[in-house]
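The values are calculated or read from the model by the stated rules, or taken from the named source; none is laboratory data. Everything numeric here is computed off the predicted structure, so don't read it as measured data. Note that each Cβ is placed from the backbone with ideal geometry, even for glycine, and that neighbours are counted across all protein chains shown. Note: accessible area is taken over every heavy atom of the protein model, side chains too, but ligands, DNA and RNA are not part of it. Shrake-Rupley method; radii C 1.70, N 1.55, O 1.52, S 1.80 Å.
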Amino acid sequence: MKPITKTIQWDWQAVKSVPLQATDEPLVPVNFYPDKILVSPQYFLQGLPGALPELDLREGVYARLLQVAENLPAGYKLLVYDAWRAITTQQALFDTLWQRYRNAHPDWSDTQVTDATLVIVALPSTDPLKPSPHNTGGSVDLTLVDDKGRILDMGTPFDEASARAATNFTGISEIAYTNRKLLIELMLAAGFTNYSDEWWHFDYGNQNWAWVSGDKEAFYGPAEPAFAWRQPF
């Protein structure tokens, strides 16, 4: 099969070295356009700490997601699994997967366990110049559903921690590979970049995006939903 997109050997140190000039662009909810965008907040449903039932993205990211939605085949919809992510949720995901690898590979060093974990879950970070990607509101995890609400076959479920989740993995059915290709092409056309080890993960405006696209700097730093009652007078 022809590669869907260019495969990049990920380098977290290089990614986090990308300069960041943070904007104050707000987060906006993605839950309210069911004609084209469905939401299944996986980490809230799984009861992870800090996860919310409403999913948020930066305003500019949502605008691009709307562009993708409008270009879908007739009857198709986007299904968003995760968007902005609290650091507490990021930490819970990292710790859980780290322990799974530790249990599965008791002979591995802590460094080997951490390296394996980092393929699927970014390191939780409170450094404003090196934020966790989802904490910026510039990352989104999603898939496609058809006109009957059936999730398209992408070769793996969302969040599968295996080599099969890599976007260009060829050991899946032709139908699944075609579905991945459709999702990737629509997202790239709207300005997103893909994390090549996860077919479902896309970025815009953050350090992931800047590093993959070759932009000189990122513009989405850490963010938080602006609940009015929590704001200072």
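Among the residues of region 121-157, those identified as open to solvent by 30 Å² or more (accessible area, probe 1.4 Å) and either under 17 Å from residue 187 (Cα atoms) or more than 17 Å from the chain's Cα centre (by Cα) (or both) are 126, 127, 128, 129, 147, 148, 149, 150, 151, 153. More than 27 Å from residue 127 (Cβ to Cβ) and among the hydrophobic types (A, V, I, L, M, F, W, C): does that describe residue 104? Here the answer is yes, as residue 104 does meet what is asked. Among the residues of region 97-111, some residue qualifies, meaning at least one is within 19 Å of the chain's Cα centre (by Cα) and open to solvent by less than 20 Å² (accessible area, probe 1.4 Å).
How many residues does region 200-224 hold that are among the hydrophobic types (A, V, I, L, M, F, W, C) and over 29 Å from residue 176 (Cα atoms)? So that I can check it myself, show each step before the final result.
Initially, region 200-224 is screened for residues among the hydrophobic types (A, V, I, L, M, F, W, C), giving 200, 202, 209-212, 218-219, 223.
Checking which are over 29 Å from residue 176 (Cα atoms) leaves us with 218-219, 223.
Looking only at that region, the number is 3.
Identify the residue in region 8-31 that is open to solvent by 60 Å² or more (accessible area, probe 1.4 Å) and in contact with a strand residue (DSSP E or B) (Cβ under 9 Å, 6 or more places away or on another chain) and, among all such residues, is nearest to residue 119 (Cα to Cα). Spell out how you get there, then give the answer.
Within region 8-31, the first condition is being open to solvent by 60 Å² or more (accessible area, probe 1.4 Å), and the residues that meet it are 9, 11, 13, 17, 19, 21-22, 24, 26.
If we keep only those that are in contact with a strand residue (DSSP E or B) (Cβ under 9 Å, 6 or more places away or on another chain) as well, we get 19, 21-22, 26.
Working: 19: 22, 21: 26, 22: 26, 26: 29 Å.
By that ranking, first place goes to 19.
Looking across region 32-65 at every residue that is open to solvent by less than 30 Å² (accessible area, probe 1.4 Å) and not in a helix (DSSP H, G or I), the one that is nearest to residue 214 (Cα to Cα) is identified as 58. Take the conditions (1) aliphatic (A, V, I, L, M); (2) more than 15 Å from the chain's Cα centre (by Cα); (3) surrounded by fewer than 20 Cβ atoms within 10 Å (Cβ to Cβ); residue 188 misses just one of them, which is (2). Among the numbered conditions (1) outside any loop (DSSP other than H, G, I, E, B); (2) more than 26 Å from residue 101 (Cα to Cα); (3) modelled with pLDDT of 95 or more; (4) of a type outside the set (Ser, Thr, Tyr), the only one that residue 221 does not meet is (1).
If you go through region 66-92 and keep only what is surrounded by 17 or more Cβ atoms within 10 Å (Cβ to Cβ), among the small types (Gly, Ala, Ser) and either in contact with an Asp or Glu (Cβ under 7 Å, 6 or more places away or on another chain) or not in a loop (DSSP other than H, G, I, E, B) (or both), you end up with 69, 83, 92. Close Cβ contacts (under 6 Å, 6 or more residues apart or on different chains) running from residues in region 99-117 that are under 19 Å from residue 165 (Cα atoms) to residues that are open to solvent by 80 Å² or more (accessible area, probe 1.4 Å) and modelled with pLDDT of 95 or more are absent.
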